Amino acid sequence: MAAGYLEILRARHAARLLTGTLVGRLPNATAAIALVLFVRAEGGTYSLAGALAAVYGVANAVGQPVLGRLVDLYGQPRVQLPAAVVSALAMVAFAFSGTDPLPLAYAAVAVAGLFTPPLEGGLRALWPSVLRREEQVHTAYAMDAIAQEVMFTVGPLLVTLCASLWSERAALLVLNAVGVLGALSVVVSPPSRAWRSAPREAHWLGALRSRGLLVLLGAFLFIGIALGSITVASMSYADAHGGDAVYGWMMAALGLGALVGGTVYGARQWGGSPERRLRVLVALLAVCYLPLMLMPGAVAMVVLAAVSGVFLAPCIACAFIIVDRHAPSGTVTEAFSWLVTTFTVGASVGTGLAGPVVQGGGALWGFALPGAAGAVSLLVLLATGRVLAAPARGGVVAASSETDPNRAVEPRFSSGDRA
């Protein structure tokens, strides 16, 4: 199993790009918890902390596809590094000004979220230029999904460690400084400097003119809803079965399940079209959410949480392949960024929906939401099977295409049926 991943990491620049991207995304991955800790230390309320975190999340969801389009137009170094610096400076301003005056706090957090660089989409655009074979790119997508689970597990621990060793303000400053260094490591690398988007047709919709991509985004909106609702339902369950420790174990188990599932999925090559495989994976994901409604004792519930996460990372890795197949020519970074945004928005919606559901019907109905959302995601994929079955490659390129003057194209593989 490890041989395929080691082969990827031994490829020139691969380990650097993966590590730099993960480090560069730390400020984004830890923003919510870092904001809550800082606002609490400043004497602010949890409502204010939640509002600031929500502003950051909304701004981030808006900024990712916009910056992704700029990366496709102007290259990675000219967009990623300036965006990372602006985002970090905005968070530094917030760290020193605090929550008073409040309008300045909201503005700083909004700018930090809006200018968070789309490193995640940028890395996926780079893989074809770094790896020699298409199957290696697909394995790299799976490894990318696994690395996300590690980052979202380790990131909060780093925030709390910095806060305990120094202060909550220091945690904000250190993580954002480290994030800029991670982005710098990526954009000065030869693959990032050499990468150019494929020639693109000038169109205001950009990547969203692909019907296949819109279908995928619709399906992943509901997968995000499922994941967001689990966090709230699990908190309600933990309140009656052991408190914060049980909640922590459930969240860790969910991440562990995704980590194991993604590792196994990426360790082999799969036959058949990725679109058909995604439908199977989403069906399995929805089915694995249902046992959570049994709500057994704490130990058994932790095991069920792990099982519920097994097919999450494989779904994400498979979606990466489909995005690459359906993104119009010259919009690959933007397309990947739209997937990130949609998933994030879905998770936020799921959290918002689960609150009143749990309040009115308890944890049982809260755990019914993930299964229902997974089922709706599957229905979206089934109802639009013909759209997904016909990948589009961007059509005719306009003569006034707004890419680099040499018309250098991004190295990418033809989309075959192996993944």
Task: Solvent-accessible area of ARG196 with every protein chain in place, 1.4 Å probe, in Å² to the nearest 10 - done: 80 Å²
Task: Label point distance in nm, LEU364-ALA194, each placed 7 Å from Cα along Cα→Cβ - done: 6.1 nm
- [ ] Arrange the residues THR116, THR160 by how much accessible surface each exposes, largest first, with a 1.4 angstrom probe.
- [x] THR160, THR116
- [ ] Compute the separation of the alpha-carbon centres of segment 256-289 and segment 165-244 and state it in Å as a whole number.
- [x] 20 Å
Task: Relative packing of peptides 259-265, 381-387 - highest average C-beta neighbours within 10 Å first - done: 259-265, 381-387
TODO: At 7 Å along the Cα-to-beta-carbon direction for both LEU382 and LEU165, put a label point, then send me their distance in nm to one decimal.
DONE: 5.1 nm
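At a 1.4 Å probe radius, which order do ASP100, ASP144 fall into by accessible area, largest first?
Heavy-atom accessible area, descending, gives ASP100, ASP144.
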Open item on the list: Suppose accessible area is computed on protein heavy atoms with a 1.4 Å probe; arrange THR153, THR30 from highest to lowest.
Closed with: THR153, THR30
Task: Cα-centre dipole for the chain with unit charges at Cβ (Lys and Arg positive, Asp and Glu negative), debye to 20 - done: 1120 debye
- [ ] Over the chain, calculate the relative contact order: mean separation of alpha carbon pairs under 8 Å at least 6 apart, over the residue count, as a percent.
- [x] 27 percent
- [ ] Identify, among SER308, TYR237, GLY362, the residue whose Cα sits farthest towards the positive end of the charge dipole of the chain, taking +1 on the Cβ of Lys and Arg and -1 on the Cβ of Asp and Glu, with the dipole about the Cα centre.
- [x] SER308
Task: Inter-probe distance in nm under a simple model that places probes 7 Å from Cα toward Cβ, at VAL66 and ARG78 - done: 1.9 nm
Open item on the list: Compute the orientation-averaged projected area for segment 24-176 from the convex hull of its Cα atoms and round it to one decimal in nm².
Closed with: 9.2 nm²
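Kindly point out which whole DSSP H helices in the chain project their C-alpha atoms 24 angstrom or further along the helix axis while averaging a Kyte-Doolittle hydropathy of -1.0 or above. Numbers along the way, then the final one.
Values: long enough: 46-74 (40 Å, 0.96); 77-97 (30 Å, 1.42); 134-165 (45 Å, 0.76); 168-187 (29 Å, 1.71); 211-240 (45 Å, 1.57); 244-266 (33 Å, 1.08); 332-361 (43 Å, 0.89); 363-383 (31 Å, 1.92).
Answer set is 46-74, 77-97, 134-165, 168-187, 211-240, 244-266, 332-361, 363-383.
The values are calculated or read from the model by the stated rules, or taken from the named source; none is laboratory data. From a predicted model like this one, the values you see are computed outputs, not experimental measurements. So basically every Cβ, Gly included, is an ideal-geometry build from the backbone, and we count neighbours across all protein chains shown. Keep in mind that these areas ignore ligands, DNA and RNA; they rest on the heavy atoms of the full protein, side chains included. Shrake-Rupley method; radii C 1.70, N 1.55, O 1.52, S 1.80 Å.
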